[in-house]
Amino acid sequence: MPKKKITYIVAVCTLGLLFYLFWGPLFPWSPIKPGFQRIPSSKANVYIQNMTSSDSMVFQIDQILEDEEIFHQLNYKDRVTVIIADPKTSMKRFAPWLQGSGYSVSLSMLNLIYIGPIARQSSFGIKTYLKHELSHMLMDQNTSFRKALKMHDQGWLLEGVAQHFSGHHFYSRSEFIALCKTNQISFSSLNEQNPLDMSFPNLKLNYTYYQLFVDFLVDEYGLDALQNYIKQYIAEPDSYEQIFVNVYDNDLDMILDAFKTSLNI
């Protein structure tokens, strides 16, 4: 191969690597992060772009992590990196495979969380989305990679627990009931679709459904029962049905029916 051609290929590859490192998916591992402020934390690496007064909760990150551990009765095994993008930045820059989702995402195998522009602009603010994604991260860090993948078969638990802890309600209980009745929505199971395969209205309904069911479990059986179930579930996700019976003294479908009855749908 001619020397000039080799030099050209090396130059193109180098420029591509630099682009991915400073402006693309490799950004979290860049040694410098232009335009991002690093937030002091003993437990996490937090970087935020164009911080405003409404983003001041980022200085509470260590307390949020501690609250997550207390609620879940689990401990973080590794430091978490959180990238909080500018409200005008496209998430495609950092995670093109997410089809431009601008909310938030947890990439547990990389101990990485992105808080996107739409989350920053929402009425809920950064904190609720951060608490949600940190819930996923904490549970995934306390199991194996294979089991973490298996846990997504019961997405209602992962998303319901994350929603319950974050306090982020897409719809209130009364709004959810009204929408179900008006649109004749029928949820026959707790099986979760991939969020990327759901339209946003459908995602909001599903996540509210999971959250209200977890709310119901906590109200009826106590937080300690949920914590016990989480611990056993992340250890043996394939045995989720038997674990549920052992913890709640009833099978999942029967308690789900009781929950639906409580909604009067």
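Numbers for the structure displayed
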read-out	value
Given Lys127/Lys150; Lys92/Lys147; Lys88/Lys181; Lys33/Lys204; Lys150/Lys260, the pairs whose alpha carbons are separated by over 31 Å	Lys88/Lys181; Lys33/Lys204
Net charge dipole size for the stretch 35-142 [Lys, Arg +1 and Asp, Glu -1 on Cβ; Debye, nearest 20]	420
Nitroxide proxy distance, nm - points 7 Å out along Cα→Cβ at Ser42 and Lys204	4.1
Where labels lie 7 Å past Cα in the beta-carbon direction, separation of Asp257 and Lys88 in nm	5.7
Neighbourhood charge, 12 Å Cβ-Cβ cut-off, centred on Gly125 and excluding it, Lys, Arg +1 and Asp, Glu -1	+2
Spin-label pair Lys77/Phe145, simplified geometry with 7 Å Cα→Cβ offset, distance in nm	1.2
Calculated FRET value between Glu175 and Asp238, using beta carbons and R₀ = 22 Å, to 0.05	0.05
Spatially proximal aspartates and glutamates relative to Lys131 (Cα-Cα < 12 Å; intrachain offsets below 8 disregarded)	Asp62, Glu66, Asp67, Glu68, Glu69, Glu159
Size of charge dipole - the stretch 59-118 - debye, nearest 20, with Cβ of Lys, Arg +1 and Asp, Glu -1, no other charges	460
Net charge, Lys260 excluded, C-beta distance under 14 Å - Lys, Arg +1, Asp, Glu -1	-2
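No value in this document is a laboratory result; all are computed from the given coordinates. The shown structure was predicted, so the numbers you read here are calculated from the model rather than taken from an experiment. Positions of Cβ are backbone-derived with ideal geometry, glycine not excepted, and every protein chain shown enters the neighbour counts.
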